[in-house]
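A.B. asks: So that we are looking at the same thing, I have put the structure below in C-alpha cells.
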Amino acid sequence: MTERKKIPFNVACFQGKEVTYFHEAIENAHISGDGPFTRKCHNLLEKELGVPKALLTTSCTHALEMSALLLELVEGDEVILPSFTFVSTVNAFVLRGAKPVFIDIRPDTLNLDESQLDSLITERTRAIVPVHYAGVGCEMDSILNIAQKHNIAVIEDNAHGLFGKYKGKFLGTFGQFATQSFHETKNFTCGEGGALLINDPSYIEAAEIIREKGTNRSQFFRGQVDKYTWVSQGSSYLPSDLLASFLYAQLEFRERIQETRKRIWEAYYSSLQSWARDHGVQLPTVPDHCEQAYHMFYLILPSLEVRRRLIAYLDRLSINAVFHYVPLHLSEMGRSFGGHIGQCPITEDLSDRLLRLPMYYELKPAEQQFVVEALEKFDGWG
C-alpha cells in the first residue's frame, strides 16, 4: 500500500497559458519592466475593476511603500492599522518615520473594528489602512465617512481580496490607494509580485515617477518630454515582464480559478457546520453585503492548547494546517511603539486560536474530504 501524499497548506495554481506567455515574453526581447505583458495586466485590472490606474510592482510590500511615498509621510505622522495583519502592512509606513497606531479587530470578520477609529484619530493621523482579511470587505462606508470627516487618506491593503466586493463594488476601489499581492500563496500569482491601484487620478503622475526610480521616464516613453531625468524620490518597483507574462495568464483564467476556490470554500463550510457547532469552533463570517474572494478557510478553536494538539494531530496525518498572525503590537518592534498586553484584546485572543486549513486550486474533493474526516475524528478537546 502506497503512503498517502502529504496535503500541503498551499500549492500555487498553474492552469492557464503561463508557459506559452513566458516564452512569448522572451521572444518579445523585452523582459525588463513595463513590457507588453505588464501593459496587458495594467489594462485588464483597470478595465475589470474600473480603477483610473493600476501599476504592477515587485510585491504588495512595495506597493504599500509607494503609497507611503505618495502621501509624503514624515517622522511623527500617524497611521492607523490593525495589529492583526502581516508585517509588510506596518513596515511600509515605519520606513518613512511614521508611527503605527494599532487598532483591534472585529470578532466576526476579523477586520479592523471601525467603531474604534474615532477614538484613535489625532491631529497627526495621516492615513487609515483597512486590511480586507481573508478577502472579506471591511466596513468601508463607516471607514470612509470617518476618514473624510477628518481629511485622512485611506489605503486598502487588499492582498487577500482581489475581485472580492463590498456592497457590489470591488475591494480596492474605495481608498485613495489600494495594494494587491501576487505572492505564490495568493489566488493569482507570479511567484512574487504586487500592484498599486490608484483611485485618485491626481496621484497618477507622481506614482509613475516614484515607481521609475524618481525619474519622469514614463513621460519620456509617451513622448511627453524629450529626455528623462531625476525629479523626485523613488525606487525600482517594476517587476520583470517575464513575471507579468505569468501573471497575465493567471488573470485571464480568473473566473475558473475563483469558481474552483468558491467550490472548495463552500464544501468546507457546509461539511463542518455541525462539527463546529458541537465543539465550539467558529467558522468564517461573511456578511450578506460582502462577496468574498475565497482566499482562505480558517477555524477559530476553543483554546491555544486545542490548536496545538490539532496541528500536531493533522501533521501526523500528513495534513499541513498553519496559523497566523502574531499580534504586531506585542512584537519586539510593536512594543517599541508603545504596544502592550491588553491593547487589542480581540486580536490577542483570536490570534492564539485561529487555524488555516489547506486551500488551493488543485485540492481534490477526495483530499478535502480526508481533511474534513480527520477533523471529525479529532478527540483532543479536553
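Every read-out reported here was derived from the displayed coordinates using simple, explicitly stated rules and does not represent laboratory data. Not measured: the values here are computed from a predicted model. Heads up, the Cβs are rebuilt from the backbone with ideal geometry, glycines too, and the neighbour counts pull from every protein chain shown.
A.B. asks: Placing unit charges on C-beta atoms (Lys and Arg positive, Asp and Glu negative, everything else neutral), compute the dipole magnitude of the range 211-265 about its Cα centre in debye, rounded to 20. Walk me through the numbers before you get to the answer.
C.D. replies: Values: 10 positive and 6 negative charges, 38 e Å.
For this selection, approximately 180 debye.
A.B. asks: OK, next. Starting at the first residue of the range 155-163, write each ³J(HN,Hα) from the Karplus equation 6.51 cos²θ - 1.76 cosθ + 1.60 with θ = phi - 60°, in whole Hz, x for Gly and Pro.
C.D. replies: So the Karplus estimates, Gly and Pro as x, are 10, 7, 8, 10, 4, 8, x, 4, 6 Hz.
A.B. asks: Evaluated at 37 °C with a viscosity of 0.692 mPa s, what Stokes-Einstein diffusion coefficient in µm²/s does the chain have when Rh comes from the Kirkwood expression over alpha-carbon pairs?
C.D. replies: Reported coefficient: 151 µm²/s.
A.B. asks: Show me the trypsin sites (Lys or Arg not before Pro) within the range 189-254 that DSSP assigns to loop and that have at most 10 other Cβ atoms within 10 Å of their Cβ.
C.D. replies: Within the range 189-254, the qualifying trypsin sites (Lys or Arg not before Pro) (loop, at most 10 other Cβ atoms within 10 Å) are Arg222, Lys227.
A.B. asks: If you take the charge dipole of the chain about its Cα centre, with +1 on Lys and Arg Cβ and -1 on Asp and Glu Cβ, which of Ile103, His42, Gln224 is farthest toward its positive end?
C.D. replies: His42
A.B. asks: Dividing the convex hull volume of the Cα atoms of the range 254-377 by its residue count, what figure in Å³ per residue is obtained?
C.D. replies: Details: hull volume 18.1 nm³, N = 124.
Spread over its residues, the Cα hull of the range 254-377 gives 146 Å³ apiece.
A.B. asks: If you don't mind, there's one more thing I want to ask. List every residue whose amide H lies under 5 Å from the amide H of Val154, counting only residues 5 or more places away in sequence or on a different chain, with H placed 1.01 Å from N in the peptide plane.
C.D. replies: For Val154, the qualifying residues are Ile128, Gln176, Phe177.
A.B. asks: Enumerate the amide H contacts of Ile319 below 5 Å, restricted to partners 5 or more residues apart or on another chain; note that Pro and chain-start residues carry no placed amide H.
C.D. replies: Ile7
A.B. asks: Sticking with this structure for a sec: Sort the range 63-127 into rounded, prolate or oblate with this rule: let a ≥ b ≥ c be the square roots of the eigenvalues of the Cα gyration tensor; rounded if a/c is under 1.5, and if a/c is not under 1.5, prolate when a/b is larger than b/c, oblate otherwise. Please report the intermediate quantities before stating the final value.
C.D. replies: Values: a/c = 2.48, a/b = 1.46, b/c = 1.70.
Oblate shape, in that a/c is at least 1.5 and b/c is the bigger or equal ratio.
A.B. asks: Hey, got the dipole for the chain? About the Cα centre, +1 on K and R Cβ, -1 on D and E Cβ, debye to the nearest 20?
C.D. replies: Working: 38 positive and 48 negative charges, 116 e Å.
Dipole about the Cα centre, nearest 20: 560 debye.
A.B. asks: Sticking with this structure for a sec: How long is the gain from Glu123 to Lys6 if the chain were fully straight, where each residue apart is worth 0.36 nm and the alpha carbon distance is subtracted? Working shown, then result.
C.D. replies: Details: separation 117, 0.36 × 117 = 42.12 nm, distance 5.26 nm.
Between Glu123 and Lys6, full extension yields an extra 36.9 nm.
A.B. asks: Of the DSSP beta bridges with both residues in the chain, give the percent that are antiparallel, rounding to the nearest 5.
C.D. replies: Looking only at bridges with both residues in the chain, the antiparallel portion is about 60 percent.
A.B. asks: Separate question: Among 182-189, 274-281, what's the highest-first ranking by average C-beta atoms within 10 angstrom per residue?
C.D. replies: Ranking the peptides 182-189, 274-281 by packing returns 182-189, 274-281.
A.B. asks: While we're on this one: Between His150 and Glu192, what FRET efficiency follows from the Cβ-Cβ distance if R0 is 41 Å, with the result rounded to 0.05?
C.D. replies: Once rounded, the FRET efficiency stands at 0.70.
A.B. asks: Which of Phe93, Gly168, Gln180 sits farthest toward the positive end of the charge dipole of the chain, with +1 on the Cβ of Lys and Arg and -1 on the Cβ of Asp and Glu?
C.D. replies: Of the candidates, Gln180 comes out farthest on the positive side.
A.B. asks: Give the distance, in whole Å, between the Cα centre of the range 281-308 and the Cα centre of the range 182-221.
C.D. replies: One Cα centre to the other: 32 Å.
A.B. asks: Another one. On a straight-distance basis, which lysines could pair with Lys6 in a cross-link, Cα separation under 28 angstrom, same-chain partners fewer than 8 positions away excluded?
C.D. replies: Lys17, Lys186, Lys262, Lys364, Lys377
A.B. asks: Whole-Hz Karplus ³J(HN,Hα) for the range 305-310, in order, using 6.51 cos²θ - 1.76 cosθ + 1.60 and θ = phi - 60°, x for Gly and Pro?
C.D. replies: Couplings: 5, 4, 4, 4, 5, 5 Hz.
A.B. asks: Towards the positive end of the charge dipole of the chain, with charges on Cβ (+1 Lys, Arg; -1 Asp, Glu), say which of Asn151, His289, Val11 has the farthest Cα.
C.D. replies: The Cα lying farthest towards the positive end belongs to Val11.
A.B. asks: Size of the dipole of the range 254-377 about the Cα centre, Lys and Arg at +1 and Asp and Glu at -1 on the beta carbon, nothing else charged, in debye to 20?
C.D. replies: 220
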